[in-house]
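The values are calculated or read from the model by the stated rules, or taken from the named source; none is laboratory data. No experiment lies behind these values; they were computed from the predicted model shown. Cβ sites come from the backbone with ideal geometry, for glycine too, and all protein chains shown count toward neighbours.
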Amino acid sequence: MATNSSKRVLITGASGLLGRAVLEAFIAAGWHSTGLAFSRADRHPNLVKADLCDPVAMEKLIDDLKPNVIVHCAAERSPDAVDQKPAETFQLNVQSTQHLSQCAKNVGAFLLYISTDYVFDGNAPPYTEDATPHPINKYGESKLAGEEAAVSVYPDAVILRVPVLYGPVEKLSESAVTVLFEKLLEGPTGKPAVMSHYERRYPTHVADIAKALVLLATLKLQGEEIRGVYHWSGKDCLTKYEMVQHMSKIFGLPMDHVVADATKPTSGAARPYDAALSCSRLEKLGAPTPMSFADGISSVLSPFARKA
């Protein structure tokens, strides 16, 4: 599709799970699209190598590109990794967000910041867009601080909160959802594979998030009043054990060796029990209904099932 030079988007973290889908969606919609990556900038012709934590370089890059829209996908998103790397997380999730917001404001670009359902404690779902955040782990705290940093610099920015994501992966460990498939592929090994059947999750395909972002950006450029907090999420409420059940049924793989654990986990970073997101603001804008988990995970895992 031919690009429209008046529609220019810059996407951070564009070599990652979500960023790849966002880059492809904007390209497909005819936007002049540039993705930023740090270690994998050679993966796509539209990628540019950049270090988000280098404020001088970022300021020059954004001033040169002068995007209409900036989608900030880059983040440290693993709660357990955040616990181990608090200083690096603060630099990426908060400080770089604050500086990127200032750069966006300087060039008049519309800023879309990707946040998480982990800004909520999970005790009183569903959470509306104006619900008061109360994170229970350092990852949620860092993303909430990122939200606050963005809005403090750029009050017209959009915050898009999303739950656990999955989509086309380069390896199963790239998503907290697809990594579960490894236990099915391993089969019985003599030792039961214990799977959490406690926290409720709403796995969401990255393509659905990308469509929502293109919609928000397009409406903004058309003059619509698009600002503040939005939520977008898949509709299926599933524990990790239930996700594996879906995978087992779809691919005909035995799961006799997978054992459900309905107790509250005691290791690793705390997770919300049920941080269901109310998505009314985006639904009113006409965002397309997210795909079902069964449909989405079938296409995502098929290449790995064929290799098994």
(Q) Can you tell me which of (1) under 20 Å from Leu23 (Cα atoms); (2) in contact with a Pro (Cβ under 7 Å, 6 or more places away or on another chain); (3) surrounded by fewer than 17 Cβ atoms within 10 Å (Cβ to Cβ) is the one Val259 doesn't meet? (A) (1)
Q. If we scan the range 143-156, do we find a residue that is surrounded by 15 or more Cβ atoms within 10 Å (Cβ to Cβ), under 21 Å from Arg77 (Cα atoms), among the β-branched types (Val, Ile, Thr) and touching a helix residue (DSSP H, G or I) at 6+ places or on another chain (Cβ under 6 Å)?
A. no
Q) Here are some conditions: (1) in a loop (DSSP other than H, G, I, E, B); (2) within 19 Å of the chain's Cα centre (by Cα); (3) under 22 Å from Asn123 (Cβ atoms). Ser267 meets all but one. Which one does it not meet? A) (2)
(Q) If I ask for residues that are touching a Ser or Thr at 6+ places or on another chain (Cβ under 8 Å) and part of a helix (DSSP H, G or I), which ones from the range 227-250 would you list? (A) Lys240, Tyr241, Ile250
Q. Where residues in the range 43-64 are assigned to a loop (DSSP other than H, G, I, E, B) and of a type in the set (D, E, K, R), which of them is nearest to Gly30 (Cα to Cα)?
A. Asp51
**Q.** Per-region count, the range 127-153, residues assigned to a loop (DSSP other than H, G, I, E, B) and either among the polar types (S, T, N, Q) or modelled with pLDDT under 95 (or both)
**A.** 3
Q | In the range 1-40, residue surrounded by the most Cβ atoms within 10 Å (Cβ to Cβ) [restricted to those that are part of a helix (DSSP H, G or I) and free of Cβ contacts under 8 Å to residues at least 40 places away in the same chain] | A | Leu23
Q: Select from the range 58-77 the residues that are surrounded by 15 or more Cβ atoms within 10 Å (Cβ to Cβ) and more than 25 Å from Gly223 (Cα to Cα) and list them in ascending order.
A: Met58, Glu59, Leu61, Ala74, Ala75, Glu76, Arg77
Q) What number of residues within the range 276-298 are assigned to a helix (DSSP H, G or I) and in contact (Cβ under 8 Å) with a residue 60 or more places away in the chain? A) 6
Q) Do any residues in the range 95-111 that are touching a residue at least 60 places away in the same chain (Cβ under 8 Å) and farther than 11 Å from Ala149 by Cβ have Cβ atoms under 8 Å from those of residues that are polar (S, T, N, Q) and surrounded by 18 or more Cβ atoms within 10 Å (Cβ to Cβ), where the two are at least six apart or on different chains, and which pairs are they? A) Ala109/Asn68; Phe110/Asn68
Q. Which residues, counting only those in the range 157-198, are aliphatic (A, V, I, L, M), surrounded by fewer than 19 Cβ atoms within 10 Å (Cβ to Cβ) and within 22 Å of the chain's Cα centre (by Cα)?
A. Leu172, Ala176, Val179
Q. Would it be correct to say that Leu185 is within 30 Å of Thr34 (Cα to Cα), assigned to a helix (DSSP H, G or I) and either out of contact with any Asp or Glu (no Cβ under 6 Å at 6 or more places or on another chain) or of a type in the set (D, E, K, R) (or both)?
A. no
Q. Checking Ala109 against (1) surrounded by fewer than 18 Cβ atoms within 10 Å (Cβ to Cβ); (2) under 24 Å from Ser33 (Cβ atoms), which test does it fail?
A. (1)
Q. Given the structure, is Ser233 touching a Pro at 6+ places or on another chain (Cβ under 8 Å) and either of a type in the set (Val, Ile, Thr) or at pLDDT 95 or above (or both)?
A. yes
(Q) If I ask for residues that are touching a Ser or Thr at 6+ places or on another chain (Cβ under 7 Å) and of a type in the set (D, E, K, R), which ones from the range 39-85 would you list? (A) Arg40, Arg43, Glu76
